[in-house]
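Remarks on the structure that follows.
The values are calculated or read from the model by the stated rules, or taken from the named source; none is laboratory data. Computed from a predicted structure; not experimentally measured. Neighbour counts are summed over all protein chains in view; Cβ atoms, including those assigned to glycine, are modelled from backbone coordinates with ideal geometry.
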Amino acid sequence: MIGSGGREHALAWKLAQSRLCDRLFASPGNPGIAQHAELVAVDPADHAAVLDFCEAQRIALVVIGPEAPLVDGLADSLRGSGVPVFGPSKAAAQLEGSKAFTKELCDRHAIPTAAFKRVAALDEALSALDAFPIPVVIKADGLAAGKGVTVAMSRDEAEAAIRDIFSGRFGAAGAEAVIEAFLEGEEASFFAITDGHTVVPFGSAQDHKRVGDGDTGPNTGGMGAYSPAPVLTPLLEGEALERIVVPTVRAMAEEGTPYSGVLYAGLMLTPQGVQLIEYNCRFGDPECQVLMLRYQGDLAKLMLATAEGRLASLQPPRFSDDTALTVVMAAKGYPDSPVKGGAISGIEQAEAGGAKVFHAGTAQTAGGLVANGGRVLNVTARGSTVAEAQAGAYAAVDKIDFPDGFCRRDIGWREVAREAKG
Ligand code: AMP
Ligand code: GLY
């Protein structure tokens, strides 16, 4: 397994439970992942080194967690040498790697998404802006570590975002941009596993992207999540599958770039129906952590069947029907300038009550466990309602001693409020 975050800890935890998994290596991993895997240091950008390692250890399956190595074509290099891999090719990972690619694919195949204009220069972008009402959404085309999207509430803000992109702030990722109509509604994340032909739903979740309580402050990679997302009712999930995900998978196959792996659809539930906001070519982080807590199948078996194009031969994935909720404990200063090195203790006590603590950005030092990243721990619990899962997760958070950390205290608030109303 390639990766080192909370997503990868959750995947490693689940993979290690598989009957098929005799031995698990993780590169570079983290102290949580080390409980389930042997950590190695193989540079994922050095495809020859990854291949050499796979040959030397006779690796039967490579799982690629993050988007960067996927967009960089690591899956192609491995597949080209006969190593089964869970994760899309470079061409298929364009669904996350290029916003314009995805918007144009949606356009060609009548997949519901916001109206857009692809622009490649400052002047072109500024004049294209005239055609969009405010608010308007400005996106750098490529991977920008979650910082490439601006929901502009004024023309000035939109122009500033465009100037920012074309000033080179995002490097090659900002060589082009997409201007998008603003969609109104509630967001939900929907996951599907596909081997390029067969598509199976893999659950839903809702993320909390802003750093502060009440969804305030700057955007982050995600401060907490829960699964399932009841707003994505079975009817709406069916609509997302039939009108968005299945047509996408079919289109990718028809166009000669079949998509294999997990497809994460960011959806807006609008009065006009379900619309695609964006695709990711990987599991969400921290959405993966809550999905893995509820997933009842054998993850290695599912991933290997996906890698080998045999998904149709498996039973569809099954999930527990309770709720899982995760709270991200971050280092103070996140997302701008997280303080590294803060001491952490109390994880065992937190888990004694039934919670599961995934490591996202930690390091083991002679003096004990310390923070080593922006998002540090994912404290995760289950319950028969969102309120119950939330109470469990915060009870566990309160057992953890991490003076240089903080977390939101309201993860799950939308659903907890709906549950309270009955
Ligand atoms: P993305 O990286 O494309 O998911 O965008 C980040 C966030 O921006 C999304 O989670 C939404 O909250 C918001 N967003 C993106 N596109 C739109 C849109 N067309 N309308 C409204 N909000 C959007
Ligand atoms: N939590 C949002 C993401 O993984 O993209």
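Only one of A49, A75 is at pLDDT 95 or above, surrounded by 20 or more Cβ atoms within 10 Å (Cβ to Cβ), under 25 Å from A16 (Cα atoms) and more than 17 Å from the chain's Cα centre (by Cα); which?
A75
Do any residues in region 177-189 that are under 22 Å from G284 (Cβ atoms) and away from ligand 2 (no atom under 16 Å from the Cβ) have Cβ atoms under 6 Å from those of residues that are of a type in the set (K, R) and at pLDDT below 95, where the two are at least six apart or on different chains, and which pairs are they?
V178/K99; V178/R118; V178/K139
So how many residues does region 244-277 have that are within 16 Å of ligand 2 (Cβ to nearest atom) and either assigned to a helix (DSSP H, G or I) or closer than 17 Å to F202 by Cβ (or both)?
The total comes to 8.
Suppose we keep only residues that are surrounded by 18 or more Cβ atoms within 10 Å (Cβ to Cβ) and more than 20 Å from T194 (Cβ to Cβ) within region 266-284. Which one would you say is nearest to ligand 1 (Cβ to nearest atom)?
M268
Over 22 Å from L291 (Cα atoms), modelled with pLDDT under 95 and not acidic (D, E): which single residue out of G367, G346, G342 fits that description?
Criteria check complete, one pass: G367.
I'd like the full set of residues that are polar (S, T, N, Q), within 16 Å of ligand 2 (Cβ to nearest atom) and surrounded by fewer than 17 Cβ atoms within 10 Å (Cβ to Cβ), limited to region 192-223. Show your work before the answer.
Restricting attention to region 192-223, the residues satisfying the condition of being polar (S, T, N, Q) are 194, 198, 204, 206, 216, 219-220.
Going one step further and asking which of them are within 16 Å of ligand 2 (Cβ to nearest atom), we end up with 204, 206, 219-220.
Across region 192-223, the qualifying residue is only N219.
With the requirement that a residue be more than 16 Å from ligand 2 (Cβ to nearest atom) and either in a loop (DSSP other than H, G, I, E, B) or under 15 Å from V328 (Cβ atoms) (or both), what does region 229-243 give you?
Answer for region 229-243, where residues must be more than 16 Å from ligand 2 (Cβ to nearest atom) and either in a loop (DSSP other than H, G, I, E, B) or under 15 Å from V328 (Cβ atoms) (or both): P230, V231, T233.
Within region 107-131, how many residues are hydrophobic (A, V, I, L, M, F, W, C) and touching a helix residue (DSSP H, G or I) at 6+ places or on another chain (Cβ under 8 Å)?
9
Mind checking whether some residue in region 240-257 is surrounded by fewer than 22 Cβ atoms within 10 Å (Cβ to Cβ) and within 16 Å of ligand 1 (Cβ to nearest atom)?
no
Within region 99-130, count every residue that is touching a residue at least 60 places away in the same chain (Cβ under 8 Å) and not aliphatic (A, V, I, L, M).
Summing the residues that are touching a residue at least 60 places away in the same chain (Cβ under 8 Å) and not aliphatic (A, V, I, L, M) in region 99-130 gives 11.
Could you tell me which residue of region 331-362 is nearest to V397 (Cα to Cα), considering only residues that are aliphatic (A, V, I, L, M) and buried (at least 17 other Cβ atoms within 10 Å of the Cβ)?
A350
Can you tell me which residue in region 278-298 is nearest to A355 (Cα to Cα), limited to those that are part of a strand (DSSP E or B) and more than 10 Å from ligand 2 (Cβ to nearest atom)?
Looking at the filtered set, the residue picked out is Y295.
Quick check, is S18 out of contact with any Lys or Arg (no Cβ under 9 Å at 6 or more places or on another chain) and either of a type in the set (G, A, S) or without any contact (Cβ under 8 Å) to a residue 60 or more places away in the chain (or both)?
Numbers: out of contact with any Lys or Arg (no Cβ under 9 Å at 6 or more places or on another chain): no; either of a type in the set (G, A, S) or without any contact (Cβ under 8 Å) to a residue 60 or more places away in the chain (or both): yes.
For S18, the condition - out of contact with any Lys or Arg (no Cβ under 9 Å at 6 or more places or on another chain) and either of a type in the set (G, A, S) or without any contact (Cβ under 8 Å) to a residue 60 or more places away in the chain (or both) - is not met.
Looking at region 131-148 only, could you name the residues that are aliphatic (A, V, I, L, M) and in contact (Cβ under 8 Å) with a residue 60 or more places away in the chain?
L143
Of the numbered conditions (1) in contact with a strand residue (DSSP E or B) (Cβ under 9 Å, 6 or more places away or on another chain); (2) modelled with pLDDT of 95 or more, A175 fails exactly one; give the number of that condition.
A175 satisfies all of (1) in contact with a strand residue (DSSP E or B) (Cβ under 9 Å, 6 or more places away or on another chain); (2) modelled with pLDDT of 95 or more except (2).
Of all residues in region 124-166, count the ones that are assigned to a helix (DSSP H, G or I) and more than 28 Å from A93 (Cβ to Cβ).
Here the count works out to 12.
Cβ-Cβ under 7 Å, sequence separation 6+ or interchain: first residue in region 365-383 and at positive phi, partner at pLDDT 95 or above and surrounded by fewer than 19 Cβ atoms within 10 Å (Cβ to Cβ). Which pairs?
So the pair list comes out as G368/A343; G368/S345.
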